[in-house]
1. Please list the non-local residues whose amide H lies under 5 Å from the amide H of residue 61, H modeled 1.01 Å from N, same-chain partners needing a gap of 5 or more.
2. Suppose R0 equals 41 Å; then what is the FRET efficiency for residue 29 and residue 62 from their Cβ-Cβ distance, rounded to the nearest 0.05?
3. Using the Cβ atoms and a cut-off under 9 Å, what net charge is assigned to the surroundings of residue 59, where Lys and Arg are +1 and Asp and Glu are -1?
4. Lys and Arg at +1, Asp and Glu at -1: add these up for the other residues within a Cβ distance under 14 Å of residue 101 and post the number.
5. Obtain the nm distance between the two label points defined at residue 71 and residue 97 by a simple spin-label model: each point lies 7 Å from its Cα along the Cα-to-C-beta direction.
6. Before anything else, pin down the relative contact order of the chain: Cα pairs under 8 Å, at least 6 apart, normalised by residue count, whole percent.
7. Straight-line reach from residue 33: which aspartates and glutamates fall under 20 Å, measuring Cα to Cα and dropping same-chain residues less than 8 apart?
8. For a quick check, take a GNM of the chain with Cα springs below 10 Å and name the residue from 18, 115, 91 with the largest mean-square fluctuation.
Amino acid sequence: MARIRLATIASDDTPPLGQVSVYSKTNKKLYLKDDTGAEYELLTSGSPVGSSYLVDYFELDSAQEAAKELTLSDTPTEPTRTIVDVMNGGGALRYGLDFTVTGDVLSWSGGRFDGILASGDELRVVFY
């Protein structure tokens, strides 16, 4: 049987640019630290340790449909990790391909979202 055994440590140094570090902390949980120093507990929500994610629900109105944007309840700390689901059909949408986030504004002009979303569509947006 193959296995990986890791000694537990309190934390790890920030890895060099373009690398990540995976380690087991003294609480016996696995963590990943990226080259920015952000630490993520593995096998959880994927949010940086010490942060919490937010969930906004929208029923798209005609003004949002026309503007092709909506305003989130807060500004995401890492916009590229924003997740959008069309609750009444359509499934998950991808950052950069279907939508972008600038500040607290989520927009979909020119992406696959464009021309698909309509007034009355229900959206769930998850971010931190």
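1. When sequence neighbours closer than 5 places are left aside, the close amide H contacts are 120.
2. 0.30
3. The answer is -3.
4. -3
5. Spacing of the two 7 Å Cα→Cβ label points: 3.1 nm.
6. So the answer I get is 23 percent.
7. Counting by Cα, and skipping residues close in sequence, residue 33 has these aspartates and glutamates nearby: 12, 13, 41, 78.
8. Most flexible of the set in this elastic network: 18.
Where a number appears in this text, it was derived from the coordinates with a stated rule and is not lab data. In this text, all values refer to a predicted model and were calculated from it rather than measured experimentally. Heads up, the Cβs are rebuilt from the backbone with ideal geometry, glycines too, and the neighbour counts pull from every protein chain shown.
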